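The values are calculated or read from the model by the stated rules, or taken from the named source; none is laboratory data. These numbers were taken from a predicted model, which means no experiment stands behind them. Here the Cβ is made from the backbone with ideal geometry for all residues, glycine too, and neighbour counts use every protein chain on show. Surface areas here come from the heavy atoms of the whole protein model, side chains and all, with no ligands, DNA or RNA. Shrake-Rupley method; radii C 1.70, N 1.55, O 1.52, S 1.80 Å.
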Amino acid sequence: MREARFMVPEPFGWDAEEILMYNNKAVIAMQMLSNIPLELSALKASNDFGNSVVQNHPSRFGLLAALPTNDPEAYLEEIERALRFDLPADGFALTTVYDRTWLSGPCLDLVWKVLNERCATIHIHPNAYSGPAQGLPSPLIKVTFDTTQTAVDMLYNGVLRRCPDIKSIFAHCGGALPKITKEEFKGKLGSLHVDTAATAETGLDPALKMVGKKGCIYSADCSVPCSSEATIEENRIAVLKFEEENGLQKNTIGFELFIAAAKRAKRARL
């Protein structure tokens, strides 16, 4: 962690019960789990672990199954495997660059076709394994432009045009995309979605103008080394303030893309 310029006070860990304690306090009904290890066996084990958490807490957690986008065959196999879980994955987690393979590369054309046929919901996160630059950890600046480059590549390469039934969520309010939107993108960005992780205070307003209120999904970057309860709360409060200032119903930025998960959460409240 210190080699990546993260100054954390103790080794990072994850515990479902601790997360539920925070979610209860923050009035968060459900959390989507995602983790994208770089090694295939670790990625599968992570998906299996996430599935076990969902099985134990079906009304409080959902799963975005990680996909190994450097290997189309393994990618397709993992899609099918995750959908065969007793509680099928609620969506899929992808990273902008996986083992030097960009999401917009032509080697993934078949994969996009399959996800489009399944009307899949996917979450696209910047490369979490990107190393520090000039002594600074990657979350300070690199991840913003990592996301932006991938979104622009997918627009220019026609991925989004060819796959209109995929519901794509770009992390961190879409990086810099809302600020650099070109004339030729108009009419093509309204079908995208963004999450509010770590960026709500400064990023949600331009993101709303780009994708509309239904395109904004609440996220807190919970359970990652670059977030703390204090930063998560700061982001959550910024979202609530934004909803109030823009006449939006409170706690509406969330469930629209995850119908099965929403049903599980609703059943638990009845």
Checklist outcome for this item: Checked against a 18 Å limit on the C-alpha separation, the offending pairs among K44/K266; K167/K213; K142/K214; K167/K241; K241/K266 are K44/K266; K142/K214; K167/K241; K241/K266
Checklist entry - On the accessible surface of the range 27-73, probed at 1.4 Å, how many percent belong to carbon and sulfur atoms? => result 55 percent
Checklist entry - In the neighborhood of E17, defined by Cβ-to-Cβ distances under 14 Å, what is the net charge if each Lys or Arg adds +1 and each Asp or Glu adds -1? => result 0
Checklist outcome for this item: For the range 192-198, in residue order, the Karplus 3J(HN,Hα) values (coefficients 6.51, -1.76, 1.60; θ = phi - 60°; whole Hz; Gly and Pro = x) are 7, 10, 9, 9, 9, 3, 6
Checklist entry - Around D109, with a cut-off of 15 angstrom between Cβ atoms, what is the net charge of the other residues, counting Lys and Arg +1 and Asp and Glu -1? => result -1
Checklist entry - Which whole-number value in Å² is the accessible area per residue of the range 49-127, probe 1.4 Å? => result 39 Å²
Checklist entry - Among the aspartates and glutamates, which fall within straight-line cross-link reach of K209, defined as a Cα-Cα distance under 17 Å, with same-chain neighbours fewer than 8 residues apart omitted? => result E183, E184, D195, E201, E243, E244, E245
